Amino acid sequence: MTQAAANGEAEPTRREAAANDDDDCIGGNLPSTSSSLPPPPPSSSLSSLPVIDIAPLLSPCTTTSPVSREALRAAEAIAATCLKSRGRKALGFFYAVGHGIPEATLDAAHSSAAALWDAPVEIRSSLDARKSELSRGYLGLGALEHTCTRAKLATLAQERLGEEKKKEKKEGEKKKKEGEKKEKTKPSGGGDLKQSFAFGCEREEGDPRTHSPMHGPNQWPDAKAIEQVPALASFRSSVEEFRRLGLEAARAVARGLSLALTEDENEKEKRDASMFESALSKPAALTVMLRYPPLPEQEEGEEGENSPPTSCGTHTDCGFLTLIDQRGLPGLEVFSNDRRWISVPPLKVDGQSALVVNLGDLAEYWSGGRVASTLHRVEVRKKKKKKSEENGNGDENENEGLQLRDSLIVFSNANFDAPVVPPGGGGKATTAGAYIFEKLGIMWNGGEVEEKEKKEKGEKEKS
């Protein structure tokens, strides 16, 4: 596959992705890429990302209404931070305000996620993503695999569940029961230290895109789980509402990117904010909720297999664009063009949570290499107590509730069959879905699967 152009001369080389969980890493559930980075200097304490008001871009574009001056300003701000022609500041990351998601909606989604993280282990296990052909559902600490192809995931799930059964039999029934009651807190082999729950776009009745492997069933808390944890009653409705409004915000960013790319070509009279409009009509989007505990302190001499886990390893997102709402501890970091890790902490502006927006490999490829898809990672460290807290009167630390990091993420990967034609011969023509699958090394023949599904449907109707 033709690789997207590098993010500035200073960006380190990336390797092709291998299977893993998302997000802050698939495009959440698309895998992390590893990188041979030099030992980085200490992270900066403050983020230098710009804050962009995307409210003027929320309205769909029409042929009759001209692009407003405010929308052009927003597009210029996106161009300044996302287009490589703008130099050192072109990180492909920014904070978005005016995104149209009410704070109450974000609060409700975070509360629902917290109800799942705090639910008994048997409830979380009942939603195990390894039982889903699309790897949708819950993954505990240290689980790495999150893929989006039915065949590969089904095989993977069978293998992993089979290995688990053998291990359980070997360890004995007593140890098995103890393991169900107490979830391990540190994954083996240096895996990402986080819990995740993922859900994606389901198939609508009569949807002609039956061949899309990124549309399918989700797992949700059932009546038994809700009876045991009443707070899960609103789980599905609250997180789906976050996803719905998150996709509207993603479309707004896409409109700004359309204007920015045209402006970069010095064709202002031809600027068209609807460039990506049809490609995001029913995107193969994935929504992922993550909870990160702080990483354990690294002991001197720990390396290799005994090295401590990461929160989310260094990677780029494979998809089109990503939106993140983050709470609690900071941890997200972006690798800048001057080879520094820049901290991207949670931010509120006038009481409203600012979303973190970043562009992925698909956007870089689609733009002919003009858009920056930048390396980033998550490293969550426990917040140190102030001396005043250590020497207090024994009252509970008011910041104790912040000793975790929670993220809500929308990975907007465009319509699965959206045509992707890089300008100026910057790469071969493909589709959004084929691009992501090729990045992941997944073989896919949509025609064969579509014919098989039609045949099965015909046989079912006959019977």
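The values are calculated or read from the model by the stated rules, or taken from the named source; none is laboratory data. Keep in mind that what you see is a predicted model, and the values were worked out from it rather than measured. Reconstructed Cβ throughout: ideal geometry from the backbone, glycine too, with neighbour counts over all protein chains shown. Accessible surface is based on the protein model in full, side chains and every heavy atom, while ligands, DNA and RNA are left aside. Shrake-Rupley method; radii C 1.70, N 1.55, O 1.52, S 1.80 Å.
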Practice item. Please name all residue pairs, on different chains or six or more residues apart, with Cβ atoms under 7 Å, provided the first residue is in region 91-117 and is closer than 21 Å to P56 by Cβ and open to solvent by 10 Å² or more (accessible area, probe 1.4 Å) and the second residue is among the aromatic types (F, W, Y) and at pLDDT below 95. Key: none
Exercise for review: Pairs only if they're at least six apart or on different chains, beta carbon under 7 angstrom, first in region 358-383 and within 17 Å of G313 (Cα to Cα), second of a type in the set (A, V, I, L, M) and open to solvent by 20 Å² or more (accessible area, probe 1.4 Å); list them, first residue then second.
Suggested key: D361/A4; S373/A4
Review point. What are the residues in region 380-413 that are at pLDDT 55 or above and open to solvent by less than 40 Å² (accessible area, probe 1.4 Å), if any?
Key: V380, Q403, R405, D406, S407, L408, I409, V410, F411, S412, N413
Exercise for review: Tell me which of these K131 doesn't satisfy, since it passes every other one: (1) over 28 Å from S212 (Cβ atoms); (2) modelled with pLDDT under 95.
Suggested key: (1)
Study note, to complete from the structure: Note on region 309-327: residues touching a Phe, Trp or Tyr at 6+ places or on another chain (Cβ under 8 Å), hydroxyl-bearing (S, T, Y) and either surrounded by fewer than 23 Cβ atoms within 10 Å (Cβ to Cβ) or assigned to a loop (DSSP other than H, G, I, E, B) (or both) are S311
Study note, to complete from the structure: Across (1) open to solvent by less than 10 Å² (accessible area, probe 1.4 Å); (2) at pLDDT 75 or above, P31 clears everything bar (2)
